1. Among the residues of segment 51-70, are any outside any helix (DSSP H, G or I), within 36 Å of the chain's Cα centre (by Cα) and surrounded by 13 or more Cβ atoms within 10 Å (Cβ to Cβ)?
2. Going by the conditions given, is Leu142 in a helix (DSSP H, G or I), surrounded by fewer than 16 Cβ atoms within 10 Å (Cβ to Cβ), over 18 Å from the mean Cα position of the chain (by Cα) and without any contact (Cβ under 8 Å) to a residue 40 or more places away in the chain?
3. Examine segment 148-159 for a residue that is surrounded by 15 or more Cβ atoms within 10 Å (Cβ to Cβ), of a type in the set (Val, Ile, Thr) and over 22 Å from Val326 (Cβ atoms), and state whether such a residue exists.
4. Can Met201 be described as assigned to a loop (DSSP other than H, G, I, E, B), surrounded by 19 or more Cβ atoms within 10 Å (Cβ to Cβ) and not basic (Lys, Arg)?
5. Which residue out of Leu196, Leu229 is at negative phi, hydrophobic (A, V, I, L, M, F, W, C) and assigned to a loop (DSSP other than H, G, I, E, B)?
6. Starting from segment 298-327, keep only residues that are assigned by TED's automatic domain parsing to the domain that holds Ala132 and farther than 12 Å from Ala132 by Cα, then list their pairs with residues that are outside any helix (DSSP H, G or I) and not hydrophobic (A, V, I, L, M, F, W, C) whose Cβ atoms are within a distance under 6 Å, requiring at least 6 positions of separation or different chains.
7. Examine segment 219-241 for a residue that is without any contact (Cβ under 8 Å) to a residue 12 or more places away in the chain and surrounded by fewer than 17 Cβ atoms within 10 Å (Cβ to Cβ), and state whether such a residue exists.
Amino acid sequence: MKREWYPLFLHLSRRVVVLLLTVLAGVYLTILIANMGGRVDDLRLMQIRGEIAESVREDAAFREMASSERNALIEQRVALEVERLGLDRPFIVRSFGYLQRAMLLDLGRAEQMHSDSGSRSVRAIITERLPATLLLFGTANLLLFAISVWLALRLSRRYGSLLDRSVVGLAPTSAAPAWFYGMFLILLFAFIAPVLPPGGMVATPPPEGRLAWLGSLLQHMALPLMAILLSQLFVSIYAWRTYFLIHAGEDYVEMARAKGLPERLIERRYILRPALPPILTSLLLMLISLWSGSIILEQVFNWPGLGTLLFAAIGMNDTPVVIGSVVIFAYLLAATVLLLDLAYAALDPRVRIGGAAR
């Protein structure tokens, strides 16, 4: 048993190291870009100088000071604040300190933004927004996977039918992103035929009672979920139905039918399971595209998630929140890839007996 799982352990260990290095590189590039190579720190230095000068001039205790003494006091306080923040060191040195804290999720304090509770902690701000993003995109991917697999299996049994040809014809519509469909869905179902809310997560003010709150949440999730499904559903069904058709034509499937095995058992054991690894790969690619498109999609539906937070942070030039949001997205992508590797190990015995270790 140990010998069987040892190659899997080595494979996953290598994958974890590669993913961490990828996240490290992506976060460091974000730090360089968000700080514009150190120019943002120069702007921060000017802001510190202005705030300290204003506080000294407004303090009645210093109004009688000579201007030269007051300027010397301002410079002294500026120097102390610059030293406290580490701005007296070269940016390239500070950037590695930023990187270390970011990778350890020590995200610091926001410069402009705050959480609903008033906290300036970047971790608190992100913690408030992350569950909304996970709820929306987690639900969308579960629905997408379940619906696509079920319909793809049905179409593989009815190759060439009207429904099959319709799905093939509609597959190119998945080239448009989810936010593109979202704008038309809002126009149709929120304004022309106002049956669903155009945005937000729950009604304002939030309804009292758990059932009422849950009903409001489902109503507000309906349009973003429809947009995500429309942008991915038909191409998923078309691609996965093709995988099922390929495996349905294998000799071992024909032999299983010749032995009189039930059709449901044949589909589950000899068609569905061998096709799951490439299906999971395509699902992963879709999930990555959804993560990357969440900024615009959440903005279109005013969904209070991580994408909306990142969009607002970029607009306010709040560098700590931008870097913190990118770090969380990077970890989400790495976790997605790692979960895919674990799913491969569960579905494909060749991974456990050394196929992945070679």
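1. There is no residue in segment 51-70 that is outside any helix (DSSP H, G or I), within 36 Å of the chain's Cα centre (by Cα) and surrounded by 13 or more Cβ atoms within 10 Å (Cβ to Cβ).
2. No, not satisfied.
3. Yes, because at least one residue in segment 148-159 is surrounded by 15 or more Cβ atoms within 10 Å (Cβ to Cβ), of a type in the set (Val, Ile, Thr) and over 22 Å from Val326 (Cβ atoms).
4. yes
5. Leu196
6. Phe301/Gly199; Met316/Gln112; Asp318/Glu111; Asp318/Gln112; Pro320/Gly108
7. For segment 219-241, residues without any contact (Cβ under 8 Å) to a residue 12 or more places away in the chain and surrounded by fewer than 17 Cβ atoms within 10 Å (Cβ to Cβ): absent.
Each row is one residue, and each column tells you yes or no for (1) within 20 Å of Ser236 (Cα to Cα); (2) in contact with a Leu (Cβ under 6 Å, 6 or more places away or on another chain); (3) of a type in the set (A, V, I, L, M, F, W, C).
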| residue | (1), (2), (3) |
| --- | --- |
| Ala258 | no, no, yes |
| Pro262 | no, no, no |
| Leu276 | yes, yes, yes |
| Ile279 | yes, no, yes |
| Leu285 | yes, no, yes |
| Ile296 | no, no, yes |
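The values are calculated or read from the model by the stated rules, or taken from the named source; none is laboratory data. In this text the structure is predicted, and so the values were computed from the model without any measurement. Here the Cβ is made from the backbone with ideal geometry for all residues, glycine too, and neighbour counts use every protein chain on show.
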